[in-house]
Structures are given as C-alpha cells and as structure tokens.
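The values are calculated or read from the model by the stated rules, or taken from the named source; none is laboratory data. Small disclaimer: the values here were computed from a predicted structure and weren't measured. As a convention, Cβ positions derive from the backbone with ideal geometry for all residues, glycine included, and neighbour counts pool all protein chains shown.
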Amino acid sequence: MSEKMENMQLFEDQPIRTAWNEAEGEWYFSIVDVVRVLTESDNPQTYWRVLKKRLKDEGNETVTNCNALKMKAADGKRRRTDVANTEQLLRIIQSIPSKKAEPFKLWLAQVGKERIDETLDPELIADRLVVTYERKGYTKEWINQRLMLSITKFIERKLFLKVNRDKTVVAHINKVKFLGYGFYIYKGKCRLRLHSKSKTKMKSRLREILNRNKGVSNEARQRKYLQFISGWLQYFKMADMKEILRETDGWIRRRIRAVYWKQWKKVKTRYRMIHRYNISEWKVHELANCRKGPWRAALMLNQILSDKEIASQGYTPMTSYYLQIFEN
C-alpha cells in the first residue's frame, strides 16, 4: 500500500488505528481495533481470527480481499495487522452483533467527510489534532510542541524550505506577532490589528519627535511629524485601529501643547501669546501666571489650543489620515 499516512482516530474516546492511502483516496482501518470497540472483547485478536475463519468458510470474499499492513502496536513495535477500507469494513460489521454498529457506521461517514474537508482546507488537520490530543489529556504546551515538530518536518522534508526555529511558534492567534501586525477573531473571521509592541514603538518615536526639550523649530518638528505618521500609517493601513489612533491623537495634542508651554517660558511671553486668542482678561492672567509644569499645564491649554487650532498648524490627526487612506 504505497503513499500511506498513518493516523489515530477516536470513536467514543477509544483509539482506532487508521492509514490514508493517497493513491486510492481511501481510509484503511485496523479490523482488530474495530472489533475491540464493537464487542468490548478482552481478546479482540481471537474474536477476529474466529470470525475471519467462519466468513471464509461461508465464501465471503470481503475477508479474502482484506490487506495486511504494518501498524504501531501497543508495545510501540510495528506489527502486521489486517486492515479494511470503508466498504469492506461495513460488510464485516454486519457479521458482528453489537449495539454500537449503527453509531460506528455514522462515525465512519464522519471520518470520510472530515478527510474531504481537510483536503479542501488543510488548516482543519491541525484543529483535529489539537482536539484529539486534548481528549487524551495532553497539556497545551505539549500539543504546541508536537504540532510545531510536525509542521516543521512537513515544510523542510516535503517543501524543501528552511524553518527559522527562533522565530517560529505555535500559539493562540491572539498572541502571534507577524511583521508588526497582531491578529484577532471577529464574527468567525481572522482580522488584522496593531500589535502592542508596534504601538509602543510608535509612541516612542512620536515622543522623540515631539520632545519639548529639543531645540528644534516648530516647522521642522511639524515636518518630521507628518513624515513619520504618513509612512507609518501607509504600512499599518490594513490594521483595525481607529480606537487606538483616537487615543493616540489626544496624547499627541497634549504633547504639542506642552511644547508650546515650554517655549513660552516667561509670564509676559505667555500673556502675549494667550492674549491673541480673544479670551477674557482675567483668564489670560490666570493662565499666564500658572506655575504648573508643561505636562500638567497642557491640560489647561485646551481652551486656547483646541484640536482644530493644532490641526490648522499642520499637525494632522492620525485618525483623519487613516480614514483618508481607507477612502482612497
């Protein structure tokens, strides 16, 4: 039986050794394992040997056409055992009186359907393996390592590709990072989002650009800001991150207000700059004589340096640029 792939299937949590024949497109099942499940016999080998002789004496061709295949036994050694495909197995089941016969027939049909589904969608193979190992009581760490080993062998031996083991991991989709993107499931579909590490790096770069302690002109600062957000948003435009960008925009505006407050060092300078925005005289005096630091004082400057005012000075909100990319 060439091009076979051995596997272990579970019927009511009881293992049945199977082998998939790629050339014939059929499953082959260990007859002894099926007999053990249906009869609950302590010695299924003897049961099958007696049944096989009786069927041969009756002239049943099904038994004659059964193949023998080496499969892994309970002791770990590979031994020859009789196997049958789905059609042959259904005929053998008719000769075994068992209340599990009908549920087992349904199980056979389900196994065949799963194989067809897995051919169309190979990811289902990994899902089935996870479920099988969980039923056997293995830990998630062990299952992940097992899947990792199987996938690596397939990629390297079948596809002749090299796997970077330092950067490859089997984990829940919420914990995976790929090229700065994260992933999540929404309404049964996988979607892209901004990974937490990418967000941290983005804010670190903005913190450097909008540093109030650097001796940089406002025009140069505004130009660097636009250069960064345009390139960054073009790269991460496929991610769902509107809420993250709204939060970041508020943080950016506060940093910009802190920059201006730091530039207006003296009281008279603050008085002159704040007076331009046509607010009451007593409010101008209150703000100009504020002794708070730049970061805390930035909260008070919302009254004069509004969101629209900051945007008019060339600091386009990231949310607006992000939505503009989507529209185009």
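Observations on the model:
- Some residue of the stretch 264-275 being more than 30 Å from LEU147 (Cα to Cα), part of a loop (DSSP other than H, G, I, E, B), in contact with a strand residue (DSSP E or B) (Cβ under 6 Å, 6 or more places away or on another chain) and assigned by TED's automatic domain parsing to the domain that holds GLU309: no
- Scanning the stretch 296-312 turns up one or more residues that are in a helix (DSSP H, G or I), over 30 Å from SER198 (Cα atoms), without any contact (Cβ under 8 Å) to a residue 40 or more places away in the chain and not acidic (Asp, Glu).
- Taking every residue in the stretch 71-82 that is without any contact (Cβ under 8 Å) to a residue 24 or more places away in the chain and pairing it with any residue that is assigned to a loop (DSSP other than H, G, I, E, B), at least 6 positions away or on another chain, the pairs with Cβ-Cβ distances below 6 Å are ARG79/ALA73.
- Residues within the stretch 56-66 that are touching a residue at least 24 places away in the same chain (Cβ under 8 Å) and either loosely packed, with under 15 Cβ neighbours inside 10 Å or assigned to a loop (DSSP other than H, G, I, E, B) (or both), tallied: 2
- Odd one out for ARG80, checked against (1) part of a loop (DSSP other than H, G, I, E, B); (2) under 22 Å from TRP20 (Cβ atoms); (3) of a type in the set (D, E, K, R): (1)
- Hits in the stretch 38-48 - residues which are closer than 16 Å to ALA73 by Cα and either buried (at least 19 other Cβ atoms within 10 Å of the Cβ) or in contact (Cβ under 8 Å) with a residue 24 or more places away in the chain (or both): PRO44
- Inspection of the stretch 130-151 finds a residue satisfying the criterion of being assigned to a helix (DSSP H, G or I), at pLDDT 75 or above, surrounded by 14 or more Cβ atoms within 10 Å (Cβ to Cβ) and in contact with a Phe, Trp or Tyr (Cβ under 6 Å, 6 or more places away or on another chain).
- Of the residues making up the stretch 83-104, those that are of a type in the set (S, T, N, Q) and assigned to a loop (DSSP other than H, G, I, E, B) number 3.
- If only residues of the stretch 262-316 that are more than 28 Å from LYS224 (Cβ to Cβ) and among the polar types (S, T, N, Q) are counted, the one that is modelled with the highest pLDDT is ASN289.
- Qualifying residue in the stretch 188-208 (condition: modelled with pLDDT under 85, over 22 Å from ILE325 (Cα atoms) and either not polar (S, T, N, Q) or not assigned by TED's automatic domain parsing to the domain that holds ILE310 (or both)): yes
- Hey, ARG165 closer than 28 Å to ILE229 by Cβ and either touching a residue at least 12 places away in the same chain (Cβ under 8 Å) or among the acidic types (Asp, Glu) (or both) or not: no
- Among the candidates GLU286, GLU243, residue that is out of contact with any helix residue (DSSP H, G or I) (no Cβ under 9 Å at 6 or more places or on another chain), assigned to a helix (DSSP H, G or I), surrounded by fewer than 16 Cβ atoms within 10 Å (Cβ to Cβ) and free of Cβ contacts under 8 Å to residues at least 60 places away in the same chain: GLU243
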